[in-house]
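K.L.:
One structure, pasted below without further comment.
A short reminder: the numbers here are calculations on the coordinates, not readings from a lab. This one's a predicted model, so the numbers in the text were calculated from it and none came from an experiment. Positions of Cβ are backbone-derived with ideal geometry, glycine not excepted, and every protein chain shown enters the neighbour counts.
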Amino acid sequence: MIQDIKPRALQNQYKHMDATPESYLVYFEGRKILCLEGPVLRLPRFKDLESTNNHLYNHDIYLFSVDEKHYFLAYDIHYQKIPGYQMVDIQTFISSSKPHKGFAAVTAFQLYNWYDRHRYCGRCGHVFKHSDKERMLYCEKCDNMEYPKLAPAVIVGIRNNDKLLLTKYRDRSHTKYALVAGFAEIGETIEETVAREVMEEVGLKIKNLKYYKSQPWGLTDTLLMGFYADLDGDDTITLDEEELAVGEWVHREDIEDDYSRMSLTGEMIQAFKDERK
Ligand SMILES: [Zn+2]
């Protein structure tokens, strides 16, 4: 999956640290990230952009490290006059760079979005200050504090003996099969989220809920939790047609063999297919 970058390791605890010429520079404009062209897309280092950016070391934010390599978020970067640079969609970067760079970029994207959406205090509108002790923004006027928040969500592989329930979303360009999935609501346990989403999306009851694995998914601020469960009772699917275009039982031998191991959904579909009883 996207976070599987061993033997490398993400060190995401906040440190008060200054960028050096060797540090990686992460620069976004909306969903696009600045990168160097090549057989694989690469992130620039600070030294690469020194000549065209006088302010380079003044306004950056420490994000995290991958092993001993430090990543910083930078703003207002001038790259247009240096050959070899381009802005590419974050999704393109993930699939066209080395795996640990893709994971670094998507994690940086999540932090970039958090900083971008929290420039002002949500309570009184005053400009937020950055804590230099932890990943926290605070308001000097009303003492409000803001920490990064995640949206917990579930993915459920519903089994019916040798069949798995596969779905396709309505109104999405993504046409591959997916699994039942949804966000936790305030006030419910994650087990209740699973049961509710399964009932809402496909109208089925489940039993024998078993946790599989989790995945950080930075494009949507999500922490995904994957479960398998067995069908309990009637196998008649009642589709939530506002959300889904397709929901059907697919025998493991009929599942296509090309699911991306980058995503938890892909890995779970593939793992069910590969299972031999
Ligand atoms: Zn405030």
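K.L.:
Could you check, for region 175-189, whether at least one of its residues is outside any loop (DSSP other than H, G, I, E, B) and farther than 30 Å from residue 90 by Cα?
P.N.:
no
K.L.:
On to the next question. Could you check how many residues of region 152-165 are out of contact with any Leu (no Cβ under 7 Å at 6 or more places or on another chain) and among the hydrophobic types (A, V, I, L, M, F, W, C)?
P.N.:
3
K.L.:
A further question follows. Which number in (1) within 16 Å of the ligand (Cβ to nearest atom); (2) under 29 Å from residue 38 (Cα atoms) marks the one condition that residue 147 misses?
P.N.:
(2)
K.L.:
Right, something else. Collect the residues in region 113-132 that are more than 16 Å from the ligand (Cβ to nearest atom) and either hydroxyl-bearing (Ser, Thr, Tyr) or in contact with a Cys (Cβ under 9 Å, 6 or more places away or on another chain) (or both), keeping them in residue-number order.
P.N.:
115
K.L.:
Tally the residues that are outside any strand (DSSP E or B) and surrounded by fewer than 17 Cβ atoms within 10 Å (Cβ to Cβ), restricting the search to region 203-220. Before the answer, list the steps.
P.N.:
First, pick out the residues of region 203-220 that are outside any strand (DSSP E or B): 203-205, 218-220.
Among the residues that remain, those that are also surrounded by fewer than 17 Cβ atoms within 10 Å (Cβ to Cβ) are: 203, 205, 219-220.
Result for region 203-220: 4.
K.L.:
Counting residues that are β-branched (Val, Ile, Thr), which strands (runs of 3 or more DSSP E) fully inside region 18-128 reach at least 2?
P.N.:
Values: elements: 24-26, 32-36, 61-66, 69-73, 85-89.
Fully inside region 18-128 and qualifying: 61-66.
K.L.:
Residues 159, 135, 172: which one is more than 10 Å from the ligand (Cβ to nearest atom), buried (at least 17 other Cβ atoms within 10 Å of the Cβ) and not in a strand (DSSP E or B)?
P.N.:
After applying the criteria, what remains is 135.
K.L.:
If you check 140, 200, which single one turns out to be within 16 Å of the ligand (Cβ to nearest atom) and either part of a strand (DSSP E or B) or in contact with a strand residue (DSSP E or B) (Cβ under 9 Å, 6 or more places away or on another chain) (or both)?
P.N.:
140
K.L.:
Sticking with this structure for a sec: How about region 58-81: which of its residues are under 20 Å from residue 134 (Cα atoms) and either over 22 Å from the mean Cα position of the chain (by Cα) or hydroxyl-bearing (Ser, Thr, Tyr) (or both)?
P.N.:
Result: 58, 59, 60, 62, 65, 68, 71.
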